[in-house]
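The values are calculated or read from the model by the stated rules, or taken from the named source; none is laboratory data. Source: prediction; values computed, not measured. Methodologically, a virtual Cβ is constructed for each residue, glycine included, from the backbone with ideal geometry; neighbour enumeration extends over all protein chains shown.
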Amino acid sequence: MVQQKNKQNEEKKEYLKGYEKTVRQLKRIEMEIQEIRLGNIYPSVAADGMPHASNKRDLSEYAVLLEREEREYKRVWYKKLKKCKEIKNKIEQLENEDEKDVLFYRYIKLMKWEEVCNELQCSWRQVHRIHSKALNNIIIT
């Protein structure tokens, strides 16, 4: 029984961590878009060190690549917003305000445990006790 409860709580933690994973994915895509833009803003430099003009084909390939990455960015951004809203709704369904706060600060605001303790003005042990109760009480289907 205890082992099953621990497994369920681990699954709940992974679900709640889904927001952070989506944020990291979004940042990677943002960096890739920036690299694509920077790589094509400046003229290309051949091995002789002299700048050479890009042809129309290079620009059209660039436009296609940039459009594809921006579409992916928008898809992930939507997914992030949807995931965030879903997780926030699950947290808000909890009855205890302290439990809501701990889960919100930890999984939505991505605060470290020390920051959560400071925010709630609670000890490390108390915050973890609240976190454990919150995991037991949150319903994730």
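Computed quantities for the displayed model
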| item | result |
| --- | --- |
| When residues of segment 52-82 are limited to those that are hydrophobic (A, V, I, L, M, F, W, C) and more than 22 Å from R28 (Cβ to Cβ), the one modelled with the highest pLDDT | L59 |
| Total residues in segment 97-128, condition exposed (fewer than 14 other Cβ atoms within 10 Å of the Cβ) and over 19 Å from V23 (Cα atoms) | 8 |
| Count of residues meeting criterion [more than 19 Å from the chain's Cα centre (by Cα), in a helix (DSSP H, G or I) and of a type in the set (A, V, I, L, M)] in segment 1-23 | 1 |
| Pairs where the first residue, in segment 111-136, is farther than 25 Å from V2 by Cβ and at pLDDT below 95 and the second is of a type in the set (A, V, I, L, M, F, W, C) and surrounded by fewer than 13 Cβ atoms within 10 Å (Cβ to Cβ), C-beta under 9 Å, 6+ apart | none |
| Checklist (1) modelled with pLDDT under 90; (2) buried (at least 16 other Cβ atoms within 10 Å of the Cβ); (3) under 30 Å from H131 (Cβ atoms) applied to K85, failing item | (2) |
| Segment 1-51, subset modelled with pLDDT under 85 and of a type in the set (D, E), residue surrounded by the fewest Cβ atoms within 10 Å (Cβ to Cβ) | D48 |
